[in-house]
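Everything on this sheet refers to the single structure shown next.
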Amino acid sequence: MSGADVRSRRWSRVEYERLIATGIVGPGEPLELLGGHLIVSEPQGSAHFTAIRLMEDALRSAFGSGWEVRVQGPIALDDDSEPEPDVAVVRGTARDYREAHPARAALVVEVAEASLATDRQHKGSLYARAGLEEYWIVNLVDRVVEVYRSPVPDPLAPFGFRYGSAAILGPGRSASPLARPEASIAVEDVLP
């Protein structure tokens, strides 16, 4: 098949939600809508799932009341993107989102092994384009937490934006979320 023979179709968030509502895309199917494309998510090994749970516990403790820590819940970023980050922190409670997914998050976290390059480049660019101030990657390959902040335009980035600040934190270091600067999360507490 030549490149001229291949056609793809872009999906809107409304169309994607319709696929879910009609049962064409079933619950638990590993799909995300990123920039108009339906992307199959990385399968979860034991270490991946453990890191998600450790981060969830750490963020619940750090943020406390008035914040919802969502695990693999959709975020309605824009008209053509509805990613399901491994962990996200949004204002409010679970009931606040019974009618619609949150559109903003104070912090999104992806746990990465095989998806590390995609999470850095594509998801990072997507979250930066949406204006999310902070994005973390629990990098299981190098056993570090990557902290990205301050979205800036970048015409060379996949979605036209990237994060202007990046810090790589290993065991013995800690990170404080921008929305909760008084809280401190130790890297070793979120690594399996």
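Nothing in this text is a laboratory measurement; each read-out follows from the coordinates by a stated rule. Since we're looking at a predicted model, the values are computed, not measured. A quick note on method: Cβ atoms are made from the backbone with ideal geometry, for glycine too, and the neighbour counts reach across all protein chains shown.
For region 175-192, give me each residue that is in a loop (DSSP other than H, G, I, E, B) and over 18 Å from the mean Cα position of the chain (by Cα). Give the steps one after another, and end with the answer.
Applying the first criterion (in a loop (DSSP other than H, G, I, E, B)) to region 175-192 yields 176-184, 191-192.
Passing the criteria: Arg180, Pro181, Glu182, Ala183, Ser184, Pro192.
Consider only pairs whose beta carbons are under 7 Å apart and that are at least six residues apart or on different chains; among these, list those whose first residue lies in region 65-77 and is within 13 Å of Arg180 (Cα to Cα) and whose second residue is surrounded by fewer than 20 Cβ atoms within 10 Å (Cβ to Cβ).
Gly66/Arg91; Trp67/Arg91
Restricting to region 153-178, name every residue that is buried (at least 17 other Cβ atoms within 10 Å of the Cβ) and farther than 15 Å from Ser125 by Cβ.
Here is the first cut: in region 153-178, the ones buried (at least 17 other Cβ atoms within 10 Å of the Cβ) are 157-159, 161-163, 169, 175, 177.
Leu169, Ala175, Pro177, listed by residue number.
Just to be sure I understand, how many residues within region 128-164 are outside any loop (DSSP other than H, G, I, E, B) and under 17 Å from the mean Cα position of the chain (by Cα)?
Here is the first cut: in region 128-164, the residues outside any loop (DSSP other than H, G, I, E, B) are 128-129, 134-139, 144-153, 161-164.
Adding the requirement that they be under 17 Å from the mean Cα position of the chain (by Cα) leaves 128-129, 134-139, 144-151, 161-163.
Residues flagged as outside any loop (DSSP other than H, G, I, E, B) and under 17 Å from the mean Cα position of the chain (by Cα) within region 128-164 amount to 19.
List, please: which pairs have Cβ atoms under 9 Å, are six or more places apart or on different chains, and start with a residue in region 145-160 that is within 15 Å of Glu134 (Cα to Cα) and end with one that is part of a strand (DSSP E or B) and among the acidic types (Asp, Glu)?
What qualifies is Val147/Glu134; Tyr148/Glu134; Arg149/Glu134; Ser150/Glu134.
Give the number of residues within region 56-99 that are over 25 Å from His122 (Cβ atoms) and either basic (Lys, Arg) or surrounded by fewer than 16 Cβ atoms within 10 Å (Cβ to Cβ) (or both).
Residues meeting the conditions: 14.
Does Val144 satisfy being within 21 Å of Ala105 (Cβ to Cβ) and in contact with a strand residue (DSSP E or B) (Cβ under 6 Å, 6 or more places away or on another chain)?
On the way: within 21 Å of Ala105 (Cβ to Cβ): no; in contact with a strand residue (DSSP E or B) (Cβ under 6 Å, 6 or more places away or on another chain): yes.
In short, no.
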